[in-house]
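Peer 1: The structure follows.
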Amino acid sequence: MSNWLDSHCHINDEAFRDDLDEVLNHMAENDVLKAMIISSYIEDYQFGLTISHPDITFKHALGIYPGDVDDVDDELFERYAELCKEENCDAVGEIGLDYHWNKENRERQLEIFRKQVELAVSLSKPVIIHSRDAIQDTYDILKQYPVRGVMHCYSDSAEMAREFVKLGFFISMSGTLTWKNAKEPLRVIREVPLDRLLIETDCPYLTPAPNRGKRNEPAYVVYTGKKICEELSLEEEDFKKQLNRNYHELFGL
């Protein structure tokens, strides 16, 4: 029997500090036995490395979030780079571009994004990409580099998803797929080959139905996975096996 997995979670976030053990046990009870912990801050990354559960395998990523680029000087960038070089760090991310919340600093975002992609290439590590209202610039940069990775919490068109797949990227779907207005995400899962698909929570955000309005947690990734099986008429065991193959191909065993 294969297990479910969460390819992008923030259980190192303050939102989980009071009941983290309960959250981890809930993961195990729901057969979510692998998770990638994403850190945008060094302190969160260091805390994430201490998270453990006997039944769950964790991987770790660190990257400068696009919303934070104005606070990053050369010294801080080097601190991130040195930690990314360590064996504990499995991926560089989440990194990317966000023109929704940050419209005035595009050039700085582009600069830091390029530097982090170049870092990942130099380390032969995958990237985890955040892109909001910036999909064309994101694509134009990534196609310039021999880099592999995943489009996290993908929310753009099915047509662009196909273009990222051509670059060798995985497409990760979140709980938004289960929402009532999820027309385009449903198109995306029909266009993306199963061997390029991942699922995630992005917890504590983007809680899937039927728990929308509550804090998200890794156990809820099962709702997204089951929704994909329902929409694509897949056997759950077959889909879980494929998810595990995809996860291991991208992030290693």
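Peer 1: Let me check against my output: what whole-number percent is the relative contact order of the chain, with C-alpha pairs under 8 Å and at least 6 apart?
Peer 2: 21
Peer 1: I would also like to ask the following. Could you give the distance between the Cα centres of segment 1-66 and segment 145-191, to the whole Å?
Peer 2: Distance between centres, Cα-based: 22 Å.
Peer 1: Give me the base-10 log of I(q)/I(0) for segment 3-96 at each q in 0.13, 0.17, 0.23, 0.25 Å⁻¹, Debye formula, one uniform scatterer per Cα, rounded to two decimals.
Peer 2: So the normalised log intensities are -0.45, -0.72, -1.16, -1.31.
Peer 1: Expected output is a single nm value to one decimal: the length gained when fully extending between Asn244 and Phe77, i.e. 0.36 nm times separation in residues minus the C-alpha distance. What is it?
Peer 2: Values: separation 167, 0.36 × 167 = 60.12 nm, distance 3.23 nm.
Length gained between Asn244 and Phe77: 56.9 nm.
Peer 1: Ranking Leu24, Leu253, Leu186 by Cβ neighbours within 10 Å, fewest first, what do you get?
Peer 2: On the way: Leu24 24, Leu253 6, Leu186 15.
The most exposed by this proxy come first: Leu253, Leu186, Leu24.
Peer 1: With contacts defined as alpha carbon pairs under 8 Å and 6 or more residues apart, what's the relative contact order of segment 1-91 in percent?
Peer 2: Relative CO of segment 1-91 lands at 27 percent.
Peer 1: Short version: ³J(HN,Hα) in whole Hz for each residue of segment 211-223, in order, from phi by Karplus 6.51 cos²θ - 1.76 cosθ + 1.60 (θ = phi - 60°), x for Gly and Pro, what are they?
Peer 2: 9, 3, x, 9, 5, 7, 8, x, 4, 6, 4, 4, 5
Peer 1: If you plug each phi of segment 76-92 into the Karplus form 6.51 cos²θ - 1.76 cosθ + 1.60 with θ = phi - 60°, what whole-Hz ³J(HN,Hα) values come out, in order, with x for Gly and Pro?
Peer 2: 5, 4, 5, 5, 4, 4, 5, 5, 5, 6, 6, 5, 5, 8, 8, 7, 9
Peer 1: Picking from Tyr247, Ala209, Leu197, whose Cα lies most toward the positive end of the charge dipole for segment 181-253 (charges on Cβ: Lys, Arg +1; Asp, Glu -1)?
Peer 2: Ala209
Peer 1: Under the rule of at least 5 residues apart or a separate chain, name every residue whose amide H is placed under 5 Å from the amide H of Ser39.
Peer 2: For Ser39, the qualifying residues are Ala61, Leu62, Gly63, Glu94.
Peer 1: Please compute the modelled spin-label separation between Asp55 and Lys214, points set 7 Å along Cα→Cβ, answer in nm with one decimal.
Peer 2: Distance between label points: 1.8 nm.
Peer 1: Additional query: Treat every Asp and Glu Cβ in the chain as -1 and every Lys and Arg Cβ as +1, leave all other atoms uncharged, and give the resulting dipole magnitude about the Cα centre to the nearest 20 debye. Each step should come with its number before you reach the end.
Peer 2: Details: 29 positive and 48 negative charges, 209 e Å.
Here the chain has a charge dipole of around 1000 debye.
Peer 1: I've got another one for you. Hey, can you grab everything whose amide H is under 5 Å from the amide H of Asp6? Only 5+ residues off in sequence or another chain; H modelled, so Pro and N-termini drop out.
Peer 2: Placed amide hydrogens put Lys34, Ala35, Met36 under 5 Å from Asp6.
Bear in mind these aren't lab numbers, they're just calculated from the coordinates by the rules spelled out. Computed from a predicted model, the values in this text were never measured in an experiment. Glycine gets a Cβ as well: all are built from the backbone with ideal geometry, and neighbour counts include every protein chain shown.
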